[in-house]
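Report on the following structure.
The values are calculated or read from the model by the stated rules, or taken from the named source; none is laboratory data. Quick caveat, the model's predicted, so the values are computed rather than measured. Positions of Cβ are backbone-derived with ideal geometry, glycine not excepted, and every protein chain shown enters the neighbour counts.
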Amino acid sequence: MQSSVKSLILFGIILLLIAAKPEKKPFNEDYRPQFHFTPEKNWHNDPNGLIYYDGEYHLFYQHNPIGNEWGYMHWGHAISKDLVHWEHFPIALYPDENSTDEKFCTEFSGCAIVDENNILGFQEGAIKTLVAIYTSYQCGQRIAYSTDKGRTWEKLDKNPVIPFDEKDDARDPKVFWYEPTQNYVMALYRMPDGEDAFKGISFYTSENLIDWTYQSHVPGYFECPDLIELPVNRRPDDKRWVLIDGDGSYMIGQFDGKEFTPESSKMRGDYGKNYYATQTWNNIPEEDGRTIQIAWMRGCEFPGMPFNGQMNFPCELSLRKYKEGIRLVRNPIKEIELLHEKGEHFKEKNLIPGLENKNLLRGIKGDCLHFIGTFDLKTVNSFGIMVRHSKKSTGTEIRYDATKNALSCLGQVAPLQPEDGKIKLEILLDRTSIEIFGNDGKVVMTSGFTAEPDMQNVVLYNTGGELYIEQLEVYPMKSIYE
């Protein structure tokens, strides 16, 4: 009898232990980014239709709902109230003409705007119509609209608004309202007359979003155009237009509503391995005042995952004047602080190679971290941070070479001159990505990588001489899915 009672007690304990064992949380797979956007499952690439309306940021994206490979493009959809935490919504746009072909009439990239003046005539009550302008593959530039804040979408019966031309491969429209001439402007990637040398961005204008007039063309660009106006050094009386390519490269100049006039050569916007298909949000409130951009991290790998693709972390764009000219700078949006756990703070630390315990960050571990630091170069030859380090592997190195004024990571190298003898670095480390912002976003490197899940140590080192840590903050990052 006593033996039976003991057996029952043991059995009960086992049941309690099984019940108490935590289940693996969704969105917490080993190679699932924890604070960068990913789809629930299957393929995604370009961000599309970025629009803010009534307290909500909409993120649409190129999506294959039936596999982890590119193809059969739809517009996936997610909504956020803070650009950090995203709620997944049903697919927004399906292929046109009931297509089942992998490409024909499927939903390629595009943008979205708010029909403030009810030009299309679909507004119901006080809710403004959201309008998506997109490329339907080999079926022209088309329009879809939503009268319920982006939850459901209808196709315009007058589609296409710009017919397909087999010669010019037109795609990826970006539309915005141009106040001085009171009309809409479309920037559209094209290859006029089928000539590869003419690949670039064409500008069209329209008063009603349906009838579009060609105005001008800028060669030397490829896919996913964007055109934005920004103040220089945040001065409202000194503004420039920035014409951005699919890879984030850009030219600075003037725009009169019809033609872009360059004032600079084309400059590189990102020095990493995986940054593509950039787009900025339309309709951000004037009182906010920011221009916010996101991009697809093309070419990243996610071993064994149910999804394929991630975005970079949303960034604010601005123009800053340097001695060599005006440059576009990019920095993580301030909302990143919503994800900070209690961090470590270091100030006024002098590091000399060869001293014991020289790894200032030896007590820090993690696969999702945010570093913010100012480093006085003193006499150092180089310094760096090894992330995802372990006893078995040195991890991934983020290195600054003071003898060459060069920042490097994952085989990529970017020029970065010290400012007052100092280098500022902000680093976003997620499970499958590293984003590095040098000297307040003057140089940015966006790259994907993979590391074994148990590799979580961090090492700070310097070589050749003294390095002075003016300040360094390291924050473990909360998951956006918690």
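Kindly evaluate Glu335 against the criterion of being assigned to a helix (DSSP H, G or I), charged (D, E, K, R) and under 24 Å from Thr38 (Cα atoms).
Against the criterion (assigned to a helix (DSSP H, G or I), charged (D, E, K, R) and under 24 Å from Thr38 (Cα atoms)), Glu335 qualifies.
Restricting to segment 220-241, and then to whatever is within 20 Å of Phe198 (Cα to Cα) and among the hydrophobic types (A, V, I, L, M, F, W, C), can you tell me which residue is surrounded by the most Cβ atoms within 10 Å (Cβ to Cβ)?
Filtering segment 220-241 for residues that are within 20 Å of Phe198 (Cα to Cα) and among the hydrophobic types (A, V, I, L, M, F, W, C), the one surrounded by the most Cβ atoms within 10 Å (Cβ to Cβ) comes out as Cys224.
Please go through segment 281-307 and give me each residue that is under 16 Å from Pro33 (Cα atoms) and crowded, with 20+ Cβ neighbours inside 10 Å, ordered by number.
Ile294, Ala295, Trp296, Met297, Cys300, Phe302
When both residues are 6+ apart or on different chains and their Cβ atoms are under 8 Å apart, which pairs have a first residue that lies in segment 328-346 and is closer than 13 Å to Leu369 by Cβ, and a second that is β-branched (Val, Ile, Thr)?
What qualifies is Ile336/Val84; Leu339/Val84; Leu339/Ile480; Gly343/Val474; Glu344/Ile364; Glu344/Val474.
From the list Ile133, Ile127, Ile79, Ile113, pick out the single residue that is in contact with a Pro (Cβ under 9 Å, 6 or more places away or on another chain) and either of a type in the set (A, V, I, L, M) or loosely packed, with under 15 Cβ neighbours inside 10 Å (or both).
Just a single option satisfies the conditions, and that option is Ile133.
Looking only at residues in segment 428-471 that are outside any strand (DSSP E or B) and β-branched (Val, Ile, Thr), which one is surrounded by the fewest Cβ atoms within 10 Å (Cβ to Cβ)?
Thr450
Looking only at segment 406-421, decide whether some residue is closer than 23 Å to Lys334 by Cβ and either part of a strand (DSSP E or B) or among the small types (Gly, Ala, Ser) (or both).
Yes, there is a match, as at least one residue in segment 406-421 is closer than 23 Å to Lys334 by Cβ and either part of a strand (DSSP E or B) or among the small types (Gly, Ala, Ser) (or both).
Okay, residues lined up against (1) closer than 30 Å to Glu482 by Cβ; (2) of a type in the set (Gly, Ala, Ser); (3) assigned to a strand (DSSP E or B):
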{"residue": "Tyr72", "(1), (2), (3)": "no, no, no"}
{"residue": "His77", "(1), (2), (3)": "yes, no, yes"}
{"residue": "Leu83", "(1), (2), (3)": "yes, no, no"}
{"residue": "Phe108", "(1), (2), (3)": "no, no, yes"}
{"residue": "Val114", "(1), (2), (3)": "no, no, yes"}
{"residue": "Asn117", "(1), (2), (3)": "no, no, no"}
{"residue": "Gly121", "(1), (2), (3)": "no, yes, no"}
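Checking Ser216 against (1) of a type in the set (S, T, N, Q); (2) surrounded by fewer than 20 Cβ atoms within 10 Å (Cβ to Cβ); (3) out of contact with any Phe, Trp or Tyr (no Cβ under 7 Å at 6 or more places or on another chain); (4) in a strand (DSSP E or B), only one condition comes out false. Which one?
(3)
Out of Thr261, Thr205, Thr278, I need the residue that is among the β-branched types (Val, Ile, Thr), surrounded by fewer than 14 Cβ atoms within 10 Å (Cβ to Cβ) and part of a strand (DSSP E or B). Which one?
Residue meeting the stated conditions: Thr261.
Out of (1) outside any loop (DSSP other than H, G, I, E, B); (2) closer than 27 Å to Gly309 by Cα, the odd one out for Thr394 is which?
(1)
Would you please list the contacts, defined by Cβ atoms under 7 Å and residues six or more apart or on different chains, that run from a residue in segment 119-139 that is without any contact (Cβ under 8 Å) to a residue 60 or more places away in the chain to a residue that is of a type in the set (Gly, Ala, Ser) and surrounded by 17 or more Cβ atoms within 10 Å (Cβ to Cβ)?
Thr129/Ser146; Thr135/Ser109; Thr135/Gly110
How many residues does segment 155-184 hold that are more than 25 Å from Glu229 (Cβ to Cβ) and either out of contact with any strand residue (DSSP E or B) (no Cβ under 6 Å at 6 or more places or on another chain) or modelled with pLDDT under 95 (or both)?
Selection size over segment 155-184: 9.
So which residues in segment 304-332 are aliphatic (A, V, I, L, M) and assigned to a strand (DSSP E or B), if there are any at all?
Within segment 304-332, Met311, Leu317, Leu319, Ile326, Leu328, Val329 qualify.
Being modelled with pLDDT of 95 or more, surrounded by fewer than 20 Cβ atoms within 10 Å (Cβ to Cβ) and under 16 Å from the mean Cα position of the chain (by Cα) is true for just one of Asp211, Asp270, Asp256, Asp247. Which residue is that?
The match here is Asp247.
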